[in-house]
Structure formats: structure tokens, C-alpha cells
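Engineer: Sharing a structure with you now.
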Amino acid sequence: MPLIGYGKLFLRADEQLTEEVPTPQQFTRIVELLVSRYRLSYLDAIMALCDHYGREYDSVRKLLTPKLKLTLMGELAHRRLLKDKSYLQDKLG
């Protein structure tokens, strides 16, 4: 889901959204903002940011904080999109 689908309001409203690739902490804050403000899933928010920054989806791993990674893995497991749940089981016990 590209950010452009939300129109110019999206870009004006989100002052944290710059042209520079953010640090992992900034990336997490922006993802949380998109999830709460636009009711996107974490996966959709991350994919939209990849499109905004012109990055390949595989390169986003460097920007995921442990908290965001765990939240994303939980969402993927809930949506039955995660094949190997061993990482999630290790973290959650």
C-alpha cells in the first residue's frame, strides 16, 4: 500500500516523514504513527515506508528494532503468514 494512496494530507500531517532514510528508532516511531493514525497493519505500514524511501523490502531488516520485529512477527503469525514460528516461541516462551 503506497503512501501516495493517502494523498498529500498524509505527507503534510506526518512531519517525521523525510526524504532521508531514518534510524531504526525513528523508523519504529514512524511505523507506530502510521499504524495508530491510519489503522494500517504493521506489515502494510512497513511496506508503505519501503515504497516511500525507494528501498527493497529485504533491506528493511536493518531498520527493525527488536520490539518492532517481535510485534511484526506476532502479527504475521496471527495472520498465518509466518511459516517458522520458532523465533516467536523463543521470545515469548
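The values are calculated or read from the model by the stated rules, or taken from the named source; none is laboratory data. Model, not experiment: these values are computed from the prediction. Quick reminder, even Gly has a Cβ in these numbers, built from the backbone with ideal geometry, and neighbours come from all protein chains shown.
Engineer: Test residue 51 against the stated conditions and say whether it is loosely packed, with under 11 Cβ neighbours inside 10 Å, at pLDDT below 90 and part of a helix (DSSP H, G or I).
Structural biologist: It is false that residue 51 is loosely packed, with under 11 Cβ neighbours inside 10 Å, at pLDDT below 90 and part of a helix (DSSP H, G or I).
Engineer: Which condition from (1) among the aromatic types (Phe, Trp, Tyr); (2) in contact with a Leu (Cβ under 8 Å, 6 or more places away or on another chain); (3) at pLDDT 85 or above is the one that residue 57 breaks?
Structural biologist: The number of the failed condition is (2).
Per-residue answers, yes or no, for (1) over 17 Å from residue 51 (Cβ atoms); (2) modelled with pLDDT of 80 or more; (3) within 12 Å of the chain's Cα centre (by Cα):
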{"position": "4", "(1), (2), (3)": "no, no, no"}
{"position": "8", "(1), (2), (3)": "no, no, no"}
{"position": "18", "(1), (2), (3)": "no, no, no"}
{"position": "25", "(1), (2), (3)": "yes, yes, yes"}
{"position": "30", "(1), (2), (3)": "no, yes, yes"}
{"position": "33", "(1), (2), (3)": "no, yes, yes"}
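Engineer: List pairs: first residue in region 62-84 and at pLDDT 90 or above and assigned to a loop (DSSP other than H, G, I, E, B), second residue surrounded by 10 or more Cβ atoms within 10 Å (Cβ to Cβ) and not β-branched (Val, Ile, Thr) anywhere in the structure, Cβ distance under 8 angstrom, at least six positions apart or on different chains.
Structural biologist: As it stands, the answer is 64/24; 64/27; 64/72; 65/24; 65/25; 65/27, since those pairs meet every condition given.
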